[in-house]
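As structure tokens, the structure follows; a few thoughts come after it.
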Amino acid sequence: MLRRSVLAGLYFCLPVLAACGGSELTVMVLAGEEGSAQPAAGLEITYLPFNRDSVFDMLTARAEEPEPQIPADLQAQFDSVAALQETWRAAEAEWGEAREALQNLSNRLQRLDRRSREYQQLYRQFDGLESTERRLNNVRQQAFQAFDNLQVQTLGRADSVRAVIDAWEDIAFMDYVDIEAEILEAAGREIVYDTTDAGGMATTSLKSGSWYVHTRLSLPFSELYWNVPFEVSGPDTLRLTTENAEERIKF
């Protein structure tokens with residue numbers, strides 16, 4: 001009875017798909033902030049003729065037990081880990097620049113006569129830069145240690161929370177596959193899959209009509225989740241970026 005009532009509610013939400021015809025849809029996945037975004041290669045793109053999120057929402061609403069929530073303090077801890085990681089990466093980059101400059105200066109000194117005035121001037125620069133490099137190296141090591149310590153603590157807590165959520169999902173979403181199959185049969189459509197190339201692009205032939213474009217991209221402590229509705233009526237391009245993604249905490 002549960003599945004029948006879920007399906008009855010979902011049938012009203014099914015998009016209307018054209019009975020014939022089709023076009024190519026190019027999906028481009030870009031990760032990162034605008035202006036510095038990089039193509040995401042090797043991502044599986046799923047094209048669904050229905051809204052998968054609506055199925056999960058209805059199953060969640062009808063579950064016997066409420067969905068377990070991520071504790072607010074654990075979310076704050078993840079945010080702190082991400083901030084410490086950024087601090088460490090910035091320190092790592094600054095140290096790397098100093099180390100490269102020190103190496104370049106060392107190469108110049110090796111080509112000079114030690115008795116020359118230029119050598120003496122550059123050596124004083126080298127001596128000062130060497131001290132700076134040692135200081136920055138200590139800073140980046142301390143930054144990494146702070147990041148790593150909190151990361152280990154956070155992941156330990158997250159494992160326990162993830163186990164609770166997984167156990168709940170196993171029960172609450174156990175009918176999803178069967179419901180999906182019945183929805184596809186009712187719509188007379190199939191799910192289509194593709195994978196992005198080295199340029200973060202996938203070009204796929206789809207039936208004309210309404211589709212949901214789904215994929216997810218793993219980040220260090222979260223993931224970008226896309227489930228974007230799109231109307232296919234002719235050759236077109238859909239950009240998946242941080243702007244139309246939902247960022248979700250990752251365990």
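The values are calculated or read from the model by the stated rules, or taken from the named source; none is laboratory data. Note that the coordinates shown come from a computational prediction; the quantities given were computed from them, not determined experimentally. Every residue, glycine among them, receives a Cβ derived from its backbone with ideal geometry; neighbour counts consider all protein chains shown.
Of everything in segment 20-59, what is polar (S, T, N, Q) and either closer than 16 Å to residue 181 by Cβ or not in a strand (DSSP E or B) (or both)? Give them in sequence order.
Hits for segment 20-59 are 36, 46, 51, 54.
When you look at residue 25, is it aliphatic (A, V, I, L, M), touching a Lys or Arg at 6+ places or on another chain (Cβ under 8 Å) and not assigned by TED's automatic domain parsing to the domain that holds residue 165, yes or no?
No.
How do the pairs read when you match residues in segment 65-92 that are assigned by TED's automatic domain parsing to the domain that holds residue 140 with residues anywhere that are of a type outside the set (A, V, I, L, M) and loosely packed, with under 14 Cβ neighbours inside 10 Å, using Cβ under 7 Å and keeping only pairs 6 or more apart or on different chains?
85/220
Name the single residue that is nearest to residue 157 (Cα to Cα) among those in segment 77-100 being in contact with a Lys or Arg (Cβ under 8 Å, 6 or more places away or on another chain) and not aliphatic (A, V, I, L, M).
Taking the candidates together, the pick is 77.
Condition first: among the aliphatic types (A, V, I, L, M) and surrounded by fewer than 18 Cβ atoms within 10 Å (Cβ to Cβ). Now tell me which residues in segment 218-237 satisfy that.
219, 228
Which residues, taken from segment 156-181, are free of Cβ contacts under 8 Å to residues at least 40 places away in the same chain and closer than 26 Å to residue 69 by Cβ?
Across segment 156-181, the qualifying residues are 156, 160, 163, 166, 167, 169, 170, 174, 177.
Look through 84, 105, 112, 136 and report the one residue that is touching a Phe, Trp or Tyr at 6+ places or on another chain (Cβ under 7 Å), in a loop (DSSP other than H, G, I, E, B) and surrounded by 12 or more Cβ atoms within 10 Å (Cβ to Cβ).
112
Looking at 62, 124, which one is farther than 30 Å from residue 248 by Cα and of a type in the set (D, E, K, R)?
From the options 62, 124, the qualifying one is 124.
Just the residues that are closer than 30 Å to residue 179 by Cα and surrounded by 14 or more Cβ atoms within 10 Å (Cβ to Cβ), please, taken from segment 64-81.
The answer is 68, 70.
Would you check which residues across segment 206-227 are part of a strand (DSSP E or B) and under 30 Å from residue 147 (Cα atoms) and list them?
215, 216, 217, 218, 222, 223, 224, 225, 226
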